[in-house]
Amino acid sequence: GNADIDGSILIVGGRTHPTALADQYAFAIQGYTTTFGANATLDQQTYSSVMDSYFAKGSRVVSNSAKGALKLANILKIGGSARLVLNTTDAWISGYASEACGATSQATSVFAIVDHYDETASTLAVIEINAENNIGGFLFDAADSRLKLHFGEDGSLVLGESESVQSLSGSALDSASIVLSSELTNKLRVYDLTEEEINKYFTTDSSDLIIEAVKQADGSYFVNVVSNVPEPATCAAILGGLAIAFALIRRRR
């Protein structure tokens, strides 16, 4: 069921089963709301190449924990329709014992976005960001895997600043996307992507919104979301220009 955790969880493996090795130990939240409080710590110490750490469909995981307090040996997999809420800064370390990641912080962590923990294909995993956060990268290895990023008033995200991690990767990246659903100004900063790649992988869920990549002096980009409807002043300028052009045409006649 739902759980509020404000103590320590240590996962060291050791499960034995006729068809599983002792180190095949998973950490999973399936279909419930789990809140990690300010004093909560989590340490999954045993990495397994065959068992996953994941949030399954319908799960809502809220972190109010300290920086680096929630550590997973495996890369965290977030299934379709699962929601991760980040209320504090850089609480998670995902994949610290994984050879593919070796994360030492959330800024060097990889979060895998998958759909096979949801019976309904093409549903979006959601990460809600309500504080300053840094994430190394997102991994898209499942077909039709998609991620929605939602930013609260105090939320911001730096993605891919670490040179050791690609901001976006995975065998299914070309069919994946990151969805932004509201206007956004200087809250999402992305390293190691070109403007063309940003326009390819980031999208909005409304025709009234468009992606705008704003290059910074260090080569990074702010991925902003702006209205696709011209401002009144822009409309007036366009109409004024049309009126002048029409007047010139009439004079020439």
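The values are calculated or read from the model by the stated rules, or taken from the named source; none is laboratory data. A quick note: this is a predicted structure, and the numbers were derived from the prediction, not measured. Note: areas computed on protein heavy atoms with side chains; ligands, DNA, RNA excluded. Shrake-Rupley method; radii C 1.70, N 1.55, O 1.52, S 1.80 Å.
Values as computed for the structure displayed
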{"read-out": "Long-range HN-HN contacts of G152 with modeled amide H, under 5 Å", "value": "I129, N130"}
{"read-out": "Heavy atoms of Y47: accessible area, 1.4 Å probe, square angstrom to 10", "value": "80 Å²"}
{"read-out": "Rounded accessible area per residue of region 70-199, 1.4 Å, Å²", "value": "39 Å²"}
{"read-out": "Long-range amide H partners of L168 with built H, under 5 Å", "value": "F138"}
{"read-out": "Other-chain or far-sequence residues with amide H under 5 Å of I9's (modelled H)", "value": "T41, L42, D43"}
{"read-out": "HN-Hα J in Hz across region 123-130 - Karplus 6.51, -1.76, 1.60, θ = phi - 60°, x for Gly and Pro", "value": "7, 8, 6, 10, 10, 9, 10, 10"}
{"read-out": "Ellipsoid equivalent to region 31-71 - semi-axes via the Cα gyration tensor, in Å", "value": "19, 17, 6"}
{"read-out": "Cα-Cα P(r), region 45-193, percent of pairs per 10 Å interval", "value": "13, 45, 38, 5, 0"}
{"read-out": "For region 84-91, Karplus couplings with θ = phi - 60° (6.51, -1.76, 1.60), whole Hz, Gly/Pro x", "value": "10, 10, 9, 8, 10, 8, 6, 6"}
